[in-house]
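Have a look at the structure below, then the notes.
The values are calculated or read from the model by the stated rules, or taken from the named source; none is laboratory data. Here the structure is a predicted model, which is why all the values come from computation and not from measurement. Methodologically, a virtual Cβ is constructed for each residue, glycine included, from the backbone with ideal geometry; neighbour enumeration extends over all protein chains shown.
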């Protein structure tokens, strides 16, 4: 026979075999085999017929079960996005309280701040979050939902936040720090003596006054920032911080620190405040140097 | 058109397209003898090609069948230039993995101590299906080597498989692995860069790259195993009720995996009516029983190559005996003309 006909013959024989095993034929074949012996307990259920008759998620295939479980696990990982809680935002502003405490301490008020539930301090909050388990967000209402953020809205929000920051800096630097440092560095000159504010002009009180001013201005800044975030329904830190995005990729349970994201968010918030304070301080020191230089000339 | 099917394996033995041939069936029916016989006949019929016989049965018999020791590395059969044998030893492979892990974790005393005790091998060796997984890894290694042109190239690989259940698990592996790799791909796509940064430094693992390579190899194997011109499964059975039942179930399972099955070897037949000289009552009774099932086999498998092979007086061990016995796979066994071979097998010491 020619090569082509041999190939064709093989193909036809294959089709005949498949036909005989298909459409219930496989089960009948097994029944035929088992039927020839009495009291046979062997199954006549054909693997071909059972696979073709039962729907895909039959529950009998352990591979299907395991892939289903994997799907559920992936869905859980997605859903376990830490809620965008601003632990300092929903309740009273802890930063304001903290600076108030710092200011009190500077003024020699040794009385410890009353760590009541109305004025939670940073350390109490940290302790709370350490004592919490994997579900710290229960009971704390999230100001911001988990809805996806529109890119245009986020951009507009960032522009607003940057504007706010710029105005704050301009106001602080040019309407307070610059004149204050100038007046401090010119204490003693008749033209600039202000008798009614000796306390303010006293150089030894510089740090106290500067810190108090910073506390007030930063509090105002954060209040304005919060109102902007509320109006846009966006948390600035959560939306823009690369560190938080990286941390959110860490699966829960991988790092043995409960509420890792919340802690890092809080730390970043405090760092934001501190960095602004340090920047203003650096500006004040710079101005002091410049004014001293010009006075010396 | 003539749909008659020859009662021999000449078509398979002279096939130039088949790359993978599986020989399997219930335990004790003559799988090893049949797989050795097929390999020898193919090697003799196609002397310019290279053939590899791999045993995936943890209870290896190839060394006993040929009368010489084979190991995890392919080695030519003494007396055959184009036939090599290999016995995959899962425990040795696992021990190698364990030793490699010890070498890589030299700095880690705690882990190194644990591994030096063979802990990795002990743990992984007890995992069900590990034998099949290691055999499958060998298959993938061969495919990779052939594509890269490394090492010895084999035109056809014949598998002497383990009893039915193990073999079916082995054949399910491509589908299972493919599904698993799809899932791992999803996870690694999300966490891969982070995982890479955690495992950075000298062990810079490209998880996605390795998985894609593995998936690609697994898909190739799946395609090849379901191509009837490349892969076929030869069922070996005896003419008894349970063997017939299990053979039918095996064939149906294989068809559900889209694997081609067109040949059946029926072993250990007595052909007592054609042997008037050696014809005891027991043989007569047994032959009658065998005939009953043989008729049913002929009826059920009229579209298959059904090869009937005799029960010999001695063991079919050693290359010479295997050559004598195996030629009937190619030409078919005629109990009237060829029954002398039953008593001509040389005794193996």
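Residues are listed down the side, and each one gets a yes or a no for (1) within 14 Å of another protein chain (Cβ to nearest Cβ); (2) crowded, with 20+ Cβ neighbours inside 10 Å:
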residue	(1), (2)
B:252	yes, yes
B:256	yes, no
B:265	no, yes
B:271	no, yes
B:334	no, no
Quiz item: modelled with pLDDT under 85, more than 60 Å from the chain's Cα centre (by Cα) and farther than 19 Å from residue B:250 by Cβ, is that true of residue A:38?
Solution: yes
Self-check item: Count of the range B:31-69 residues which are surrounded by fewer than 22 Cβ atoms within 10 Å (Cβ to Cβ) and part of a loop (DSSP other than H, G, I, E, B)
Solution: 12
Self-check item: Residue count, the range B:291-332 (criterion: within 14 Å of chain A (Cβ to nearest Cβ) and assigned to a helix (DSSP H, G or I))
Solution: 10
Exercise. Run residue B:278 past the list (1) in the same structural domain as residue B:160 (by the TED database); (2) modelled with pLDDT under 90; (3) closer than 30 Å to residue B:18 by Cα and report the number of the one that doesn't hold.
Key: (3)
Self-check item: Residues of the range B:221-239 satisfying the condition of being within 11 Å of chain A (Cβ to nearest Cβ) and either under 20 Å from residue B:295 (Cβ atoms) or part of a strand (DSSP E or B) (or both)
Solution: B:232
Self-check item: Residues that are surrounded by fewer than 19 Cβ atoms within 10 Å (Cβ to Cβ) and either free of Cβ contacts under 8 Å to residues at least 60 places away in the same chain or more than 9 Å from chain A (Cβ to nearest Cβ) (or both), drawn from the range B:240-250
Solution: B:240, B:241
Practice problem: Look through B:297, B:264 and report the one residue that is modelled with pLDDT of 90 or more, assigned by the TED database to the domain that holds residue B:309 and under 18 Å from the mean Cα position of the chain (by Cα). | Solution: B:264
Quiz prompt | The listed residue being under 22 Å from residue A:158 (Cα atoms) and surrounded by fewer than 17 Cβ atoms within 10 Å (Cβ to Cβ), out of A:233, A:238 | solution = A:233
Exercise. Could you please find all residues in the range A:166-191 being within 22 Å of residue A:211 (Cβ to Cβ), at pLDDT 80 or above and exposed (fewer than 14 other Cβ atoms within 10 Å of the Cβ)?
Key: A:167, A:170, A:174, A:175, A:179
